[in-house]
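Asks: Mind looking over this structure? Questions follow.
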Amino acid sequence: MRVAALQVVSSTDLDHNLARAEALLDEAARRGAALAVLPEYFCIMEQQGTSKTRFAEAPGKGPVQQMLSAAAARHRMWVVGGSLPLQCPEPDRVFNSTMAFGPDGRLVARYDKMHLFAFERGGERYAEADTIAPGGAPAAFDAQGLRIGMSICYDLRFPELYRALSTPRPCDAFLVPSAFTYTTGSKHWEVLLRARAIENLGYVVASAQGGHHANGRRTWGHSMIIDPWGEVLALLAEGEGVITADIETERIASWRASLPALEHRRIA
């Protein structure tokens, strides 16, 4: 299966962001991708600390989900909408959700971000729990015979989530749509992505926000596709674009036979 990681530099304009995402999905399809993954917050990048509720969609309704579904059906491609705000029971918060649509345009999986980012140093501060409610369970889906695990950004720091995704059946690939900050991304992004690939002997498809945003934020970018041996197969450092690589089931089987670490796990 050919997969595509899409990198954007989202603005505060929803319509503009959706148009750019749609154009990149078109490009991924032209490159032969069977699965395309957008970054976290691809649809909107608001001011820090402001409520996301005015953009929150009800499940199954709204322009963001409509665009994702239509693009999947038009290209007969699996489309994963990196993340979008979905309504939750709390009136002042939203779920930060990634949604996977199948080639028929139907929703096949939804994952609500479980781990909420917090960081403070100098004048830089993030506290996602102020505006986002945490999800409660891991999620994965099957696509063309592959098992695909879902995660979002800060989840990358919690290896137990990826182990849970591979129980009872190992995932062949893990999706990591993200909006890593420039500060943390420059130090931790690649090493964490490669670690998740190596320890789970699976591919990692990491689509990122990458650049200077209208709200003053700067994201790290460096979208990557990494193989189960930890090799970076494709990378885009900054700016908007599409990278692709092929997931090869034979190579997954070969690596897991050569190094059966998943079979050697011992739980205390």
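The values are calculated or read from the model by the stated rules, or taken from the named source; none is laboratory data. This is a predicted model, so every value here is computed, not measured. In this analysis, Cβ positions are derived from the backbone assuming ideal geometry, glycine residues included, and neighbour counts consider all displayed protein chains.
Asks: Pairs under 8 Å by beta carbon, first residue basic (K, R) in the range 91-117, partner part of a loop (DSSP other than H, G, I, E, B) and surrounded by fewer than 19 Cβ atoms within 10 Å (Cβ to Cβ), six or more apart or different chains?
Replies: Filtered contacts from the range 91-117: R110/P59; K113/P134.
Asks: Take the range 50-69 and flag every residue that is over 18 Å from the mean Cα position of the chain (by Cα), of a type in the set (S, T, N, Q) and in a helix (DSSP H, G or I). Quick ask: steps written out before the conclusion?
Replies: Pass one, the range 50-69, residues over 18 Å from the mean Cα position of the chain (by Cα): 50-63, 66.
Checking which are of a type in the set (S, T, N, Q) leaves us with 50-51, 53, 66.
Across the range 50-69, the qualifying residues are T53, Q66.
Asks: Looking at L38, L24, L6, L18, can you tell me which residue is under 18 Å from F141 (Cβ atoms) and at pLDDT 95 or above? Before you say what the answer is, go through the steps one by one.
Replies: Numbers: L24 fails: under 18 Å from F141 (Cβ atoms); L6 fails: under 18 Å from F141 (Cβ atoms); L18 fails: under 18 Å from F141 (Cβ atoms).
Answer to the selection: L38.
Asks: With the requirement that a residue be part of a helix (DSSP H, G or I) and hydrophobic (A, V, I, L, M, F, W, C), what does the range 157-173 give you?
Replies: Selection gives L161, A164, L165.
Asks: Shifting gears a bit: For residues that are among the charged types (D, E, K, R) and not in a loop (DSSP other than H, G, I, E, B), scanning just the range 174-220, find the one that is surrounded by the fewest Cβ atoms within 10 Å (Cβ to Cβ).
Replies: Per the criteria, the residue is K187.
The rows are residues; the columns are (1) without any contact (Cβ under 8 Å) to a residue 60 or more places away in the chain; (2) closer than 29 Å to I44 by Cα.
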| position | (1), (2) |
| --- | --- |
| T181 | no, yes |
| N200 | no, no |
| V204 | yes, yes |
| G210 | no, yes |
| R217 | no, yes |
| S223 | no, yes |
| I226 | yes, yes |
| V232 | yes, yes |
| E240 | no, yes |
